[in-house]
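A.B. asks: This structure is in structure tokens; I'll ask about it shortly.
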Amino acid sequence: MDAKKTFYCLDVLAWNGMDMSANPFDFRQYMLSSKLKESPEISLSSKQFPYRFLPLPCCKCERALMEEMMRNGFDFELDGLLYYHSGVVYEAGQSPLVGWLKPWMLPEILNVTVPEKLVH
């Protein structure tokens, strides 16, 4: 959650009592997107509900798509990028199928160009 009273959603493990943790990540992403679109009111804050829920930007791990996402920028302070294998099911703890990179690491590790302000 940030100062804008926003929760950024990066995955969905359950929705309205329905367990989704045994499904692969790409399916969970589809469900998260669908459920947020079906419930647009949760993307708005109000007196009754001061916090809003928004999806985090995401893309496939392809150079052109990642460079476009990085060029478009973010309306929050970017701390890093989370990488999931699209077929991974949720398991608590560490996994070689999930990774994390700081923005400045992208050019060296993935040969992805990032805006200069994210390099330092």
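The values are calculated or read from the model by the stated rules, or taken from the named source; none is laboratory data. Source: prediction; values computed, not measured. Note: ideal-geometry Cβ built from the backbone for every residue, glycine included; neighbour counts use all protein chains shown.
A.B. asks: Pick out the one residue from Asp19, Asp75 that is loosely packed, with under 13 Cβ neighbours inside 10 Å and under 26 Å from Leu106 (Cβ atoms).
C.D. replies: Asp75
A.B. asks: Specify the residue that is farthest from the chain's Cα centre (by Cα); the eligible residues are those in the range 17-33 that are of a type in the set (S, T, N, Q) and part of a helix (DSSP H, G or I).
C.D. replies: Among those residues, the one meeting the criterion is Ser33.
A.B. asks: Hey, Met31 hits all of (1) surrounded by 15 or more Cβ atoms within 10 Å (Cβ to Cβ); (2) of a type in the set (A, V, I, L, M, F, W, C); (3) touching a residue at least 24 places away in the same chain (Cβ under 8 Å) but one; which does it fall short on?
C.D. replies: Only one criterion is unmet by Met31, namely (3).
A.B. asks: Just the residues that are in contact with a Ser or Thr (Cβ under 9 Å, 6 or more places away or on another chain) and modelled with pLDDT of 90 or more, please, taken from the range 90-120.
C.D. replies: Scanning the range 90-120 gives Leu106, Pro107.
A.B. asks: Follow-up. Working only within the range 34-49, note down all residues that are acidic (Asp, Glu) and either touching a residue at least 12 places away in the same chain (Cβ under 8 Å) or part of a loop (DSSP other than H, G, I, E, B) (or both).
C.D. replies: The answer is none; no residue qualifies.
A.B. asks: Which of (1) surrounded by 12 or more Cβ atoms within 10 Å (Cβ to Cβ); (2) within 18 Å of the chain's Cα centre (by Cα) is the odd one out, the single condition Pro107 does not satisfy?
C.D. replies: (2)
A.B. asks: If you don't mind, another one. Can you find a residue in the range 36-49 that is at pLDDT below 95, surrounded by 10 or more Cβ atoms within 10 Å (Cβ to Cβ) and under 27 Å from Lys117 (Cα atoms)?
C.D. replies: Checked the range 36-49: no residue is at pLDDT below 95, surrounded by 10 or more Cβ atoms within 10 Å (Cβ to Cβ) and under 27 Å from Lys117 (Cα atoms).
A.B. asks: Separate question: Determine, yes or no, whether Asp2 is modelled with pLDDT of 95 or more and surrounded by fewer than 14 Cβ atoms within 10 Å (Cβ to Cβ).
C.D. replies: No.
A.B. asks: Which residues, counting only those in the range 79-100, are of a type outside the set (Val, Ile, Thr), surrounded by 14 or more Cβ atoms within 10 Å (Cβ to Cβ) and either over 13 Å from the mean Cα position of the chain (by Cα) or in a loop (DSSP other than H, G, I, E, B) (or both)?
C.D. replies: Once the filter is applied, which keeps residues that are of a type outside the set (Val, Ile, Thr), surrounded by 14 or more Cβ atoms within 10 Å (Cβ to Cβ) and either over 13 Å from the mean Cα position of the chain (by Cα) or in a loop (DSSP other than H, G, I, E, B) (or both), the range 79-100 yields His85, Tyr90, Leu97.
A.B. asks: Quick check, is Asp26 at pLDDT below 95 and at negative phi?
C.D. replies: Considered against the rule, which asks whether it is at pLDDT below 95 and at negative phi, Asp26 comes out as yes.
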